[in-house]
């Protein structure tokens with residue numbers, strides 16, 4: 001996706017993950033029962049005089065919302081292995097990288113310091129800086145993350161005197177043709193505003209993956225708008241003429257598909273349900289990504305060339321090409337360049353075999369691994385996690 005991600009073109013790990021029709025059905029059924037967690041400290045503005053023009057109403061809505069809309073600057077640190085570097089004299093096979101990302105968000109809960117944004121903007125972040133419209137900068141961490149719906153809550157460390165939360169509207173009351181206002185930080189520029197109309201409902205859009213090894217992602221139940229959603233606008237609010245949030249900006253249709261001026265947002269009624277659930281259940285949402293096991297590595301079969309580059313003369317195994325930052329494998333100490341020889345007491349000889357073992361392990365269980373690490377035998381215990389939908393199963 002081109003709307004929010006990495007300005008560096010290195011192995012951006014962590015898949016961004018797909019929307020689910022089942023979850024959206026859940027949201028529409030239960031939205032009346034679950035209200036947004038923040039009902040106090042909501043931004044307000046003086047009412048306009050009767051007969052105000054559309055332009056005046058748009059200006060007033062933007063003026064009210066601007067202080068509560070933020071830019072997110074995200075850093076992801078990790079390692080990647082490229083055995084060919086050594087082969088061609090380009091350096092060691094294992095290299096550190098630093099990937100940068102940017103996106104938008106808005107204040108969801110003023111007193112708790114919670115910022116709402118897209119999951120794909122902050123998933124796997126090692127550092128987050130929240131930048132407010134007055135250039136105030138605050139460090140933050142991911143508080144809760146729902147990759148399947150593509151929403152996340154970020155918590156700023158210093159919540160004192162934050163702008164008020166934006167009011168959340170009702171997407172069931174929207175009509176085709178009514179004005180829609182998108183606010184965000186496109187292309188890492190200062191806050192900008194684009195205006196269009198609500199074009200359609202319950203749209204489905206499949207987009208190409210951002211990262212190597214990831215699968216195309218399909219999002220369902222989206223709100224379609226003609227308000228341009230540019231790179232960096234992801235996670236920002238889509239507003240109505242009253243300044244209420246009617247959606248969270250997410251993706252723009254690919255121009256290569258012949259789509260011009262078509263953007264998509266997560267409807268606010270879905271946002272209210274999912275955000276309230278994230279407040280109650282911090283962390284990565286469990287059960288949203290499927291039941292297959294997941295450890296968080298990119299791997300490949302050993303061949304003669306890789307054996308030569310690693311100077312590996314042992315039995316068959318699977319080489320770790322990269323480790324997803326913060327994943328179960330990362331927490332267990334796996335490193336790029338490791339050769340996995342045994343898992344759960346079984347010899348492994350191919351990525352297919354290892355995938356089957358990992359995916360067949362119940363999340364929460366621990367897999368013991370025997371590794372070869374540049375001539376040394378290393379033992380690791382990996383607590384298997386939940387497999388995110390949309391990532392290549394080579395994990």
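Read the figures in this text as sums done on the coordinates, not as results from a lab. The structure displayed is predicted, hence computed values, not measured ones. Glycine also receives a Cβ, built like all others from the backbone with ideal geometry; neighbour counts cover every protein chain displayed.
What whole number of Å gives the distance from the Cα centroid of region 322-363 to the Cα centroid of region 298-314?
16
Obtain the nm distance between the two label points defined at residue 242 and residue 218 by a simple spin-label model: each point lies 7 Å from its Cα along the Cα-to-C-beta direction.
Going by the 7 Å Cα→Cβ label model, 3.6 nm.
Calculated FRET efficiency, residue 137 and residue 346, Cβ-Cβ r, R0 51 Å, to nearest 0.05?
Efficiency, rounded to the nearest 0.05: 0.55.
Using 0.36 nm per residue, how much length does the chain from residue 197 to residue 129 gain when fully extended, once their Cα-Cα distance is taken away?
Additional length available on full extension: 21.3 nm.
Would you calculate the separation in nanometres between label points at residue 303 and residue 53, each defined as 7 Å from the Cα along the Cα-to-beta-carbon direction?
A separation of 6.6 nm, rounded to one decimal place.
So between residue 362 and residue 170, what do we pick up on full extension, going 0.36 nm a residue minus the alpha carbon distance?
Contour length minus Cα-Cα distance gives 65.2 nm.
Work out how much length residue 378 to residue 158 would gain on full extension: take 0.36 nm times their residue separation and subtract the Cα-Cα distance, in nm to one decimal.
Gain on extension, residue 378 to residue 158, equals 75.1 nm.
For the ranges 225-238, 363-376, 153-166, what's the packing order if you count other beta-carbon atoms within 10 Å of each residue, average per peptide, and put the highest first?
Highest mean packing first, the order is 225-238, 153-166, 363-376.
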